[in-house]
Amino acid sequence: MPRYRSPVFPFVRPPELDGRAGRRWPVAIVGAGPVGLAAAIDLALAGIASVVIDESNVVSTGSRAICWSKRTLEIFDRLGVGDRMVAKGVTWKVGRLFHRDREVYAFDLLPEPGHKRPAFINLQQYYVEEYLIDRARDFPDLIELRFMSRVTDAGQDPDCAWVDVETPEGKYRLAADYVIACDGVRSTVRRSLGLDFIGRAFEERFLITDVEMAVEFPSERWFWFEPPFHDGQSALLHKQPDNIYRIDLQLGSGADPEEERRPERVIPRIRAMVGERPFEVDWISVYSFQCRRLARFVHDRVIFAGDSAHIVSPFGARGGNGGIQDVDNLCWKLATVLKGEGPPALLETYNTERVHGADENILNSARATSFMTPKSRMEHLFRDEVLALASTHPFARQLVNSGRLSRPCSLAGFSLGTAETSDLGGTMVPGAPCLDAPVRGANGEDGWLLDHLGGSFIALGFGALASTPPGVRGLTVGGSGDLQDPQGLLAARYDGAPSVVYLIRPDQHVAARFREPTVAEISRALARAQGSSNA
Amino acid sequence: MTDPTLTTTWNLGTDGDDLYARLMAAHEGLTDDESARLNVRLVLLLMNHIGDRAVLEEAIAAARPSRPEPTNAT
Ligand SMILES: Cc1cc2nc3c(=O)[nH]c(=O)nc-3n(C[C@H](O)[C@H](O)[C@H](O)COP(=O)(O)OP(=O)(O)OC[C@H]3O[C@@H](n4cnc5c(N)ncnc54)[C@H](O)[C@@H]3O)c2cc1C
């Protein structure tokens with residue numbers, strides 16, 4: 001019996017059903033999952049109105065995604081929902097790997113201090129969606145949520161994209177300048193456009209359950225190869241809020257999903273794992289996984305984001321986190337184009353940058369899944385012997401792969417970044433996602449760098465900042481500037497010294513960096529970062 | 001082809017026969033499965049020791065039969 005009860009969102013009769021032409025929406029978003037909701041909020045923050053259309057009237061059934069990465073939390077901060085997610089979530093950063101009954105390896109995903117957000121929180125997808133819906137409701141003039149509204153077809157003409165919507169009270173067609181398809185892995189929009197995924201599927205089946213137990217296991221990710229309590233190849237235990245634990249048990253490729261989903265089958269498996277502790281099963285599901293994507297995410301006025309564009313196995317927590325990074329990348333560009341501040345070609349850089357991100361996620365997820373599901377005797381031998389060597393030879397521990405957990409994606413080398421001409425050191429090269437650092441504000445209040453970045457282009461200047469071109473907000477560090485660097489971490493992480501200036505994108509990625517730039521240089525970098533091809 | 005970095009000229013001095021015999025001796029008395037595992041561990045240990053991507057890529061290419069690799073190898 002699930003513990004969480006979703007709010008039920010009512011159907012509201014839209015004007016289109018009464019023959020009134022609805023308004024022409026700048027953006028229609030199909031799907032109110034984490035990705036669609038985040039997109040609506042991000043666009044609203046940029047002043048762009050959108051309508052979100054979802055076939056359901058509740059949030060995600062079952063917890064599905066649980067691990068939300070530091071980068072996602074930073075984006076959620078920008079969207080104004082980070083605090084609520086972190087307050088409810090279980091913070092963690094350590095993963096432990098076991099082989100049979102012995103621990104082989106532990107990893108710390110954020111070993112250094114001086115960051116606002118932890119490496120990860122665990123929070124059930126239904127809470128994430130509920131909080132995003134609450135936040136979306138802060139923008140009644142800019143976000144309209146339409147529940148119990150199923151998109152049955154989608155297409156486009158030269159001047160607009162459209163979706164056909166089916167509701168309990170009838171059907172209508174809705175037109176928009178752009179449609180963002182966030183309708184998940186079985187995307188109707190994708191099918192309507194005749195598009196298909198490329199990539200690979202794994203046959204292996206995994207039992208994924210959420211179990212409620214009043215115990216205090218540590219807030220760590222525990223992963224077993226050849227667990228002593230389960231006859232399959234692997235198992236995972238991971239804590240969520242409300243005394244809920246995620247348990248994954250690998251079942252093999254021959255497992256019958258219908259059979260394995262039955263509580264009579266599931267309960268003894270969990271019992272073998274958790275012993276005599278009382279528990280209640282909250283959610284049961286049997287999955288097989290794919291690592292695939294669309295060839296392109298941008299199809300003129302129809303743009304794909306999240307699981308509709310790419311799908312990965314969950315080992316590495318790259319699905320939802322990848323989707324939120326799609327939103328982060330797309331929305332400021334779409335807003336720029338809709339406001340006429342940049343050419344439609346800017347949207348093509350969403351395609352190249354996020355196809356790159358998806359490929360990184362697919363590569364890592366597929367490798368982890370391959371390690372867990374050796375497909376030949378020789379692969380099996382290598383896997384076994386990596387695990388065996390790991391107990392005596394520390395180097396082998398790093399070959400053990402139970403999932404390489406989601407990391408922010410670097411866009412170094414892509415076209416919006418200005419090639420580096422300075423001799424600046426450190427990792428904050430053009431394209432890098434900005435690292436956080438503790439800062440002190442003008443009134444002496446302690447805060448975090450990333451809370452001052454994002455939303456618009458920013459020139460972050462160490463020492464004095466001469467002047468900034470129109471459209472760029474200046475932010476100075478040190479002296480009588482906007483921010484102080486009390487621990488010196490900001491200067492350390494950005495190789496900051498007087499006269500160093502960073503141009504930072506609305507999605508908190510470095511666009512350019514210089515020593516003593518002229519305004520013209522910053523302007524050129526800005527034009528380039530806004531997709532102007534002659535910059 | 002860029003400059004080859006894998007040493008394919010003789011590199012074992014006067015120890016070649018000894019080392020070959022040593023390798024055979026290590027397999028003596030093992031079942032096929034145990035032997036296969038020994039080889040696997042040896043590959044992993046040496047791979048880490050070499051630690052040079054270009055060398056290892058060349059070695060893998062040199063060792064693999066000339067059938068093309070399947071494209072979905074990740
Ligand atoms: C077992 C499991 C564990 C996972 N763990 C993690 C994790 O720890 N971390 C992580 O980051 N990711 C994880 N993921 C992946 C994550 O759940 C997905 O990547 C994420 O849900 C994608 O969000 P989305 O908004 O793109 O799609 P979805 O969440 O699938 O949302 C799609 C929305 O579109 C709506 N919709 C669909 N079709 C239509 C239509 N025709 N008309 C109108 N509406 C429609 C649906 O009602 C739904 O609300 C996991 C997935 C699974 C299955």
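Here are a few things to note about the model shown:
- Output for segment A:1-41, where each listed residue is in the same structural domain as A:Arg146 (by TED's automatic domain parsing), of a type outside the set (A, V, I, L, M, F, W, C) and within 13 Å of the ligand (Cβ to nearest atom): A:Gly31, A:Gly33, A:Pro34, A:Gly36
- Out of A:Ala396, A:Ala388, A:Ala358, A:Ala366, one residue alone is under 27 Å from B:Leu45 (Cβ atoms), touching a strand residue (DSSP E or B) at 6+ places or on another chain (Cβ under 6 Å) and part of a helix (DSSP H, G or I). It is A:Ala366.
- Filter result (crowded, with 20+ Cβ neighbours inside 10 Å and over 21 Å from the mean Cα position of the chain (by Cα)) within segment A:439-449: A:Val439
- The set of residues in segment A:310-342 being assigned to a loop (DSSP other than H, G, I, E, B), more than 10 Å from the chain's Cα centre (by Cα) and near the ligand (Cβ under 8 Å from one of its atoms) consists of A:Val312, A:Pro314.
- Inclusion of A:Phe279 among residues that are near the ligand (Cβ under 9 Å from one of its atoms), hydrophobic (A, V, I, L, M, F, W, C) and more than 16 Å from the chain's Cα centre (by Cα) is not warranted.
- Residue in segment A:387-415 that is nearest to A:Ile362 (Cα to Cα), counting only those that are loosely packed, with under 14 Cβ neighbours inside 10 Å and within 12 Å of chain B (Cβ to nearest Cβ): A:Gln398
- Selection of segment A:347-386 for residues being among the aliphatic types (A, V, I, L, M) and within 11 Å of chain B (Cβ to nearest Cβ) yields A:Ile362, A:Leu363, A:Ala366, A:Ala368, A:Met378, A:Leu381, A:Val386.
- Taking first residues from segment A:108-135 that are under 20 Å from A:Leu97 (Cβ atoms) and among the charged types (D, E, K, R) and partners that are more than 10 Å from the ligand (Cβ to nearest atom) and part of a loop (DSSP other than H, G, I, E, B), the Cβ contacts under 6 Å between residues at least 6 apart in sequence or on separate chains come to A:Asp108/A:Lys93.
- With respect to the conditions (1) surrounded by 10 or more Cβ atoms within 10 Å (Cβ to Cβ); (2) modelled with pLDDT of 95 or more, B:Thr74 lacks only one, and its number is (2).
- Filtered by the rule that a residue be surrounded by fewer than 20 Cβ atoms within 10 Å (Cβ to Cβ) and hydroxyl-bearing (Ser, Thr, Tyr), segment A:167-191 gives a lone residue, A:Tyr172.
- The set of residues in segment B:1-53 being surrounded by fewer than 12 Cβ atoms within 10 Å (Cβ to Cβ) and among the basic types (Lys, Arg) consists of B:Arg22, B:Arg53.
- Filter result for A:Ser6 (within 18 Å of A:Ile133 (Cβ to Cβ), in a loop (DSSP other than H, G, I, E, B), in contact with a Lys or Arg (Cβ under 9 Å, 6 or more places away or on another chain) and polar (S, T, N, Q)): no
- Within segment A:145-172, the set of residues being more than 17 Å from A:Pro7 (Cα to Cα) and among the charged types (D, E, K, R) comprises A:Arg150, A:Asp153, A:Asp157, A:Asp159, A:Asp164, A:Glu166, A:Glu169, A:Lys171.
- Residue match in segment A:260-272 (condition: in a strand (DSSP E or B), within 16 Å of the ligand (Cβ to nearest atom) and away from chain B (no Cβ under 14 Å)): no
- Every listed requirement among (1) out of contact with any strand residue (DSSP E or B) (no Cβ under 9 Å at 6 or more places or on another chain); (2) free of Cβ contacts under 8 Å to residues at least 40 places away in the same chain; (3) part of a loop (DSSP other than H, G, I, E, B); (4) not basic (Lys, Arg) is met by A:Ala520 save one, (3).
Quick grid of which residues meet (1) part of a loop (DSSP other than H, G, I, E, B); (2) closer than 21 Å to A:Arg173 by Cα:
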{"position": "A:Phe11", "(1), (2)": "yes, yes"}
{"position": "A:Arg20", "(1), (2)": "yes, yes"}
{"position": "A:Ile29", "(1), (2)": "no, yes"}
{"position": "A:Thr61", "(1), (2)": "yes, no"}
{"position": "A:Ala65", "(1), (2)": "yes, no"}
{"position": "A:Arg71", "(1), (2)": "no, no"}
{"position": "A:Phe98", "(1), (2)": "no, no"}
{"position": "A:Pro113", "(1), (2)": "yes, no"}
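The values are calculated or read from the model by the stated rules, or taken from the named source; none is laboratory data. Please read these numbers as outputs of a predicted model, since none were measured by experiment. Here the Cβ is made from the backbone with ideal geometry for all residues, glycine too, and neighbour counts use every protein chain on show.
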